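These notes concern the structure reproduced below.
The values are calculated or read from the model by the stated rules, or taken from the named source; none is laboratory data. Since the model is a prediction, treat every value here as computed from it, not as a measurement. Quick reminder, even Gly has a Cβ in these numbers, built from the backbone with ideal geometry, and neighbours come from all protein chains shown.
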Amino acid sequence: MLLHQEFIRRAKKNGKKLAIIDRTTEKRITYSKALIASIILANKFKAYKDGFIGVMIPNSAGSMLSILGIVMAGRVPVMINYSTGAASNCEYAQNKCGFKTIITSRALLEKIGCRLVSGMVFIEDIMEKVTIKDKLQAALKTKLPTNLLLKTVHQGEPDDNVVILFTSGSEKDPKAVQLTHKNLTSNINDVYQVLEIMDKDIMLANLPLFHVFGHNVNFWLPMTRGITAVSYANPLEYQKVVDVVREEKVSLMVGTPVFFMGYLRKSRRGDFESVRLAFTGADKTPDWLREEFFKKHGLTVYEGYGCTETSPVISLNMGVNNRPGSIGKPFPSVKVKIADINTGETLPAAKEGKILVKGDLVMKGYFDDLEETSLRIKDGWYDTGDMGMFDEDGFLWHRGRLKRFVKIGGEMVSLVKVESVLTEILPTDVDCCVVEVPDFLKGAKIVATVTQAIDEKRTLTDMAKRLSPIEMPRQFLVIPDLPKMGSGKVDFRSVTEMVKAQLSSDSDMAEESSAKRKNKADKK
């Protein structure tokens, strides 16, 4: 299936139905109007060079229609993260993928204080140049029989790239992930096979489209299946999002645990009465979040698991196949195996190892990075870089990133486990992140960062009841604002660098103080 062509089929079939309810601009767009707009934009985008076109527009009808227009024009959208370092992200994407044009919004640049980058084209200017003739020609074209209309847009093959998305960069420089029509379609088909999604469903679409979770589940899935997407630009405006869910009678919600925590705090009983299905992903969902959501709203929050490189969903808890704490069972078309980190041997149930994935959901590869692609994909198996295990009933359990394991005293220690225990002990208004830093004597030590000062002695006493001595943090540091990615996940790389810098500064101050004391002693 070619995604843009499937959108056209659905738009022709559901012309009067609402495709996008844009709660940022307060526009309501039917499928017929969405089809007309995307055809107009496709004609405009054909003026730009073949290949990649950058897109940096917040979640809105404008961002969705721009992507549709780009793909219908035979170009490939490169999605750019505007949440932090927007200008540098634009230049990084241009250099990495070798393109110039970036479709963005003047209003966005003003709001986030982003400087102008060479190659930027404003969507506001494009829309101002749309003439009555453009509108009439596009409207007439949509009246063509579906088969003829499909021939007027880009054809292509299922293995063609449909988007370039960047990895989070929480551990190293972002990689450009090539996802194809086949990749995203595979995931959409599995979602429909596993979930009971209905034509009348209304999906909350507030996850950033530069993140794979938002791009496929919040955008392509509703647009290719003819359901209504309710877009909102900022998922961090928790009260507004809760109001949108209640007012638009949203029935499907997906998000990260961080976002659901915010919704839980800002919501009242009845706000989620219309929601049938709610799913979290991109990070571990704490038990207390599931429990409190059910207690307050009678709504079961199901947890899933995926990666940018897998389009994204690999496994999901759902209905009778729900085991809280696990990350569910693999999707029907997905193969998953657990491999020994040293030998690569496939491990049986209850044995922990690397999570490997195979299927049509696995990316084509990293753009212009054959070496990294070959390291991560071997014989069709994608190495997620995550540790996990299957239980006896076939549920997958996530144990954390392999890079978030540290060897101390000859034993592998999971920083995710330490972080999970600490999270449950801390007050609900205190966030944390556990990192590893070099240690001269033991090779490495564990440092826990918290957003507020805490009772360290009491916290360590409580942690010692559940962790072994080598798993215990050796130091606590206060970082009021933990840096986060656009998805809401903590930026571990930035936190680690901040911790190293703070420890180095403390060490320098200690040495300076010691030197002063020595000088005073010498003078005496």
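Kindly establish whether Thr256 is crowded, with 19+ Cβ neighbours inside 10 Å and among the polar types (S, T, N, Q).
The answer is yes for Thr256.
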Notebook entry, point to check: Within the stretch 159-218, can you find the residues that are surrounded by fewer than 23 Cβ atoms within 10 Å (Cβ to Cβ), outside the structural domain of Gln94 (by TED's automatic domain parsing), outside any helix (DSSP H, G or I) and modelled with pLDDT under 95?
Noted result: Leu195, Glu196, Ile197, Met198, Asp199
Check: If you scan the stretch 384-396, which residues turn out to be at pLDDT 95 or above and closer than 16 Å to Cys307 by Cα?
Finding: Leu396
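Conditions tested, residue by residue: (1) in a helix (DSSP H, G or I); (2) out of contact with any His (no Cβ under 8 Å at 6 or more places or on another chain); (3) buried (at least 17 other Cβ atoms within 10 Å of the Cβ); (4) of a type outside the set (A, V, I, L, M, F, W, C).
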| position | (1), (2), (3), (4) |
| --- | --- |
| Ala229 | no, yes, yes, no |
| Leu236 | no, yes, no, no |
| Val241 | yes, yes, yes, no |
| Phe260 | yes, yes, yes, no |
| Arg268 | no, yes, no, yes |
| Ser274 | no, yes, no, yes |
| Ala282 | no, no, yes, no |
| Leu289 | yes, yes, yes, no |
| Glu292 | yes, yes, yes, yes |
Item checked: Filtered residues of the stretch 4-20 (kept if touching a strand residue (DSSP E or B) at 6+ places or on another chain (Cβ under 9 Å), surrounded by fewer than 23 Cβ atoms within 10 Å (Cβ to Cβ) and not polar (S, T, N, Q)) -> Arg10, Gly15, Lys16, Lys17, Leu18
Note to self: Return the residues of the stretch 103-115 that are of a type outside the set (S, T, N, Q) and either free of Cβ contacts under 8 Å to residues at least 12 places away in the same chain or outside any loop (DSSP other than H, G, I, E, B) (or both); say none if nothing qualifies.
What the structure shows: Ile103, Arg106, Ala107, Leu108, Leu109, Glu110, Lys111, Ile112, Gly113
Checklist line | Count of the stretch 7-64 residues which are without any contact (Cβ under 8 Å) to a residue 40 or more places away in the chain, hydroxyl-bearing (Ser, Thr, Tyr) and farther than 16 Å from His154 by Cβ | finding: 2
Notebook entry, point to check: Does Asp271 qualify as being among the acidic types (Asp, Glu) and at pLDDT below 95?
Noted result: no
Checklist line | Restricting the stretch 373-387 to residues that are under 21 Å from the mean Cα position of the chain (by Cα) and of a type in the set (Asp, Glu), the residue that is farthest from Leu184 (Cα to Cα) | finding: Asp386
Next item on the list: Return yes when Thr142 is among the β-branched types (Val, Ile, Thr) and at pLDDT 95 or above and no when it is not.
Entry: yes
Item checked: Sole exception among (1) under 25 Å from the mean Cα position of the chain (by Cα); (2) not in a loop (DSSP other than H, G, I, E, B) for Leu361, by number -> (2)
Note to self: Restricting to the stretch 4-57, count the residues that are closer than 12 Å to Ile70 by Cα, under 24 Å from the mean Cα position of the chain (by Cα) and hydrophobic (A, V, I, L, M, F, W, C).
What the structure shows: 3
Next item on the list: Quick one: in the stretch 364-382, of everything that is without any contact (Cβ under 8 Å) to a residue 40 or more places away in the chain and not in a loop (DSSP other than H, G, I, E, B), which residue is nearest to Ser315 (Cα to Cα)?
Entry: Ile377
Note to self: Regarding the stretch 269-278, can at least one residue be identified that is over 16 Å from Asp201 (Cβ atoms), touching a Leu at 6+ places or on another chain (Cβ under 8 Å), aliphatic (A, V, I, L, M) and free of Cβ contacts under 8 Å to residues at least 60 places away in the same chain?
What the structure shows: no
Next item on the list: Please work out if Asn81 is polar (S, T, N, Q) and touching a residue at least 12 places away in the same chain (Cβ under 8 Å).
Entry: yes
